[in-house]
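Have a look at the structure that comes next, please.
The values are calculated or read from the model by the stated rules, or taken from the named source; none is laboratory data. All figures in this text were calculated on a predicted structure; none of them were measured in a lab. Cβ atoms come from the backbone with ideal geometry, glycine included; neighbour counts cover every protein chain shown. For the accessible areas, the whole protein counts, side chains as well, though only heavy atoms, and no ligand, DNA or RNA atoms are used. Shrake-Rupley method; radii C 1.70, N 1.55, O 1.52, S 1.80 Å.
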There are 2 protein chains.
Amino acid sequence: MNRQRLLCADCKAPCLMKEINDPEAVKIVEEKKTTLVCSKNQKIFHEDMPVNSISFIHSGIIKVYKTGINGKNHIIRFSKTGDILGHRGLNTKYYPVSASTIEDSSICLFPKDFFITFLENNSRVAFKLLLFFSKELENSEIMQFNLAQMNVREKVAETLLYLNTTFGTDKNNRLNITLSRQDLSDYAGTTKEQVSKILSEFQSENLILLDKKDIIINELNELKKIASFGVHLS
Amino acid sequence: MNRQRLLCADCKAPCLMKEINDPEAVKIVEEKKTTLVCSKNQKIFHEDMPVNSISFIHSGIIKVYKTGINGKNHIIRFSKTGDILGHRGLNTKYYPVSASTIEDSSICLFPKDFFITFLENNSRVAFKLLLFFSKELENSEIMQFNLAQMNVREKVAETLLYLNTTFGTDKNNRLNITLSRQDLSDYAGTTKEQVSKILSEFQSENLILLDKKDIIINELNELKKIASFGVHLS
DNA sequence: ATTAAAATATGACAAGTATCATACTTTAGT
DNA sequence: ACTAAAGTATGATACTTGTCATATTTTAAT
């Protein structure tokens, strides 16, 4: 983990700060920013750590999760370039979740106090963030529904659809994210063994192809049918 | 369902609109407001209905839920006096959830367009709403965790704790909300039969007392121990 | 390239939960 | 107060899922 300088002007990430129109404001924001570069499988923040900053992902993939007993976590979401991180710390003194890198990542940090003041003085950005929270809440409520009502097969299918929507695939339908069975199950709400079994099942039905830890999606529509009972994340 | 006139000035409900300081603004808001009075077990809005207004609960109790297949719903939350309702319609054209009254209720409606304009011009209220959304998101993520990791006994205990925190009890520890077994199970993420069984179990352990459809909480701390594995809603 | 460690796949089994059937209780309307 | 309908309690059973054990594959370090 080390720090380096990244300029907003050169940045292609579609983060909330891109909503700032005033060049003066951009300059001020730029000055308050620090950037953190970290390799894969590193913890960025942990439950009960004090919240000092609100961040945006410049590059990489990060999992946000709650720690359960005997090491069984529940993954809330996988975040990528442009996504806000630690935003739930806005109304809490300590983080209610943990975050770790899935891949090498770099993130831009803003001091929490500065960010709050900034929001209070930029109603347009604040309103954008409000809409984002509303969207996040929608996704979280859909997850609630799916966890409460789907069986394991449906939950694993839904997880693949979520990863497909969020990270996409390359030209060969290979998912642009590689996860362990444990991470998949921590998101789906089941065990790593069940994920193994269901993925093998999907493969034998030619819905997917397993290539080492990669997943190639052959029949997206069939997966959608399996998960069709649930509501889908977007 | 009928309409009647309720004045904000006389209102004791701790709703977001109480955050408005400017008397002129209060007058404008007051004029845009309509009030809806409806008896128990009535549908207020339904999934896929267009969102025309954002509301606040003046009195009563309302359940917000997603409709599953074969009538098995998932209840997202029980809302009460002062709570905002339909706020998720802010960023969607159609409601992503349904809402029905659990008790006789009255709600204050504001046209959606007006409400959005109002927010954009009142950064203080917008920021308050932002913090509220953040809090809602926290609760929803805790629900995700509990649904993913708790067993039925823990989920039912957690549901009782949630109702105790949200609605409180009278001087005899009798919960200030009365729900059917079906509603309890739709919130807990199990079946009505399991809720019956677990509640009987709790009663035989003297943790609670069942009096008709009412629930009297005898040993709050013991219930907390049972649900201690999970994180708690606040 | 080799080897040890980690991750994955898979079958057998146990535990937990949903479903079904039925008896009982409560509610609401006359 | 009576009655039908709705809701609840509870046991039996079947099904799903988690757990455990073990074989196999993959990864990473030498």
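For residue A:66, what is the net charge nearby, where nearby means another residue's Cβ is under 9 Å from its Cβ and Lys, Arg count +1, Asp, Glu -1?
Working: positive: none; negative: A:47, B:141.
Once all neighbours under 9 Å are counted, the net charge is -2.
Would you mind giving the average projected area, over all directions, of the Cα convex hull of the stretch B:123-234 in nm² with one decimal?
7.6 nm²
Tell me which of B:37, B:126, B:95 sits at the most positive position along the dipole axis of the stretch B:20-129, charges placed on C-beta atoms (Lys, Arg +1; Asp, Glu -1).
Positive-most Cα among the choices belongs to B:95.
Using the Cα centre of chain A as origin and beta-carbon charges of +1 (Lys, Arg) and -1 (Asp, Glu), tell me which of A:7, A:165, A:75 is placed farthest towards the positive end of the dipole.
Checking the options against the dipole of chain A, the answer is A:7.
What are the aspartates and glutamates whose alpha-carbon lies under 16 Å from the alpha-carbon of residue B:224, with same-chain residues fewer than 8 places away excluded?
B:154, B:158, B:201, B:205
Just the accessible area per residue of chain A, please: how many Å² with a 1.4 Å probe?
Working: 10410 Å² over 234 residues.
Ligands and nucleic acids excluded, the figure is 44 Å² per residue.
Still on this structure: Under a cut-off of 20 Å between alpha-carbon atoms, report the aspartates and glutamates in cross-link reach of residue B:40, not counting same-chain residues fewer than 8 places apart.
B:83, B:103, B:104, B:183, B:186, B:214
Right, here's the next one. First obtain the Kirkwood hydrodynamic radius of the protein assembly as shown from its Cα pairs, then insert it into the Stokes-Einstein equation at 10 °C and 1.306 mPa s, and state the resulting D in µm² per second as a whole number. Before the final figure, lay out the partial values.
Values: Rh = 23.9 Å.
Taking Rh from Cα pairs, D becomes 67 µm²/s.
Mind checking the dipole of the stretch B:1-80: about its Cα centre, +1 per Lys or Arg Cβ, -1 per Asp or Glu Cβ, Debye to the nearest 20? Working shown, then result.
Working: 14 positive and 8 negative charges, 100 e Å.
The dipole magnitude comes to about 480 debye.
I need the inter-copy label distances for residue B:213: point set 7 Å along Cα to C-beta, values in nm with one decimal, smallest first.
5.2
Let me ask something else. What are the label-to-label distances in nm, one decimal and shortest first, from residue B:9 to the same spot in the other copies, with labels 7 Å along Cα to Cβ?
Its label point is 5.7 nm from the equivalent points in the other copies.
I've got another one for you. Output the pairs from A:128/B:128; A:66/B:63; B:155/B:225; A:32/A:80; B:12/B:80; A:43/A:80 with a Cα-Cα distance over 20 Å in this structure; if there are none, say none. It would help to have the intermediate numbers written out before the result.
Numbers: A:128/B:128 14 Å; A:66/B:63 27 Å; B:155/B:225 12 Å; A:32/A:80 22 Å; B:12/B:80 13 Å; A:43/A:80 15 Å.
As for pairs spanning more than 20 Å Cα to Cα, those are A:66/B:63; A:32/A:80.
Within the stretch B:1-69, report the trypsin sites (Lys or Arg not before Pro) that DSSP leaves as loop and that have at most 16 other Cβ atoms within 10 Å.
On the way: sites: B:3, B:5, B:12, B:18, B:27, B:32, B:33, B:40, B:43, B:63, B:66; in loops: B:5, B:12, B:33, B:40.
Those satisfying the criteria are B:5, B:12, B:40.
Can you list the trypsin sites (Lys or Arg not before Pro) in the stretch A:81-136 that are in a DSSP coil and have 11 or fewer other beta carbons within 10 angstrom? Could you put the intermediate results ahead of the total?
On the way: sites: A:88, A:93, A:112, A:124, A:128, A:135; in loops: A:93.
Qualifying residues, ordered by number: A:93.
Using +1 on the beta carbon of Lys and Arg, -1 on that of Asp and Glu, and nothing else charged, what's the dipole of chain B about the Cα centre, debye to 20?
320 debye
Using a 1.4 Å probe on the protein chains only, how many percent of the accessible area of the protein assembly as shown belongs to carbon and sulfur?
Values: 10440 of 20810 Å².
C and S atoms contribute 50 percent here.
Further, regarding this structure: Counting helices only, and only those DSSP H runs with n ≥ 4, report the 222 nm mean residue ellipticity of chain A as the sum of -39,500 (n - 2.57) divided by its residues, in deg cm²/dmol to the nearest 500. All intermediate terms of the calculation are to be shown ahead of the outcome.
Values: 7 runs with 91 residues, N = 234.
Helix-only estimate at 222 nm: -12500 deg cm²/dmol.
A further question on this structure: Can you give the convex hull volume of the alpha carbon atoms of chain A per residue, in Å³? Can you show the working numbers first?
Values: hull volume 31.3 nm³, N = 234.
Output value, Cα hull per residue: 134 Å³.
Then there is this: Quick check on the protein assembly as shown: of the DSSP beta bridges with both residues there, what percent are antiparallel, nearest 5%?
Details: 68 of 68 bridges.
Beta bridges within the protein assembly as shown, antiparallel portion: roughly 100 percent.
Something else now. If the viscosity is 1.002 mPa s and the temperature 20 °C, what translational diffusion coefficient in µm²/s does Stokes-Einstein give for the stretch B:2-136 when Rh comes from Kirkwood over Cα pairs? Can you show the working numbers first?
Numbers: Rh = 15.3 Å.
Result for D is 140 µm²/s.
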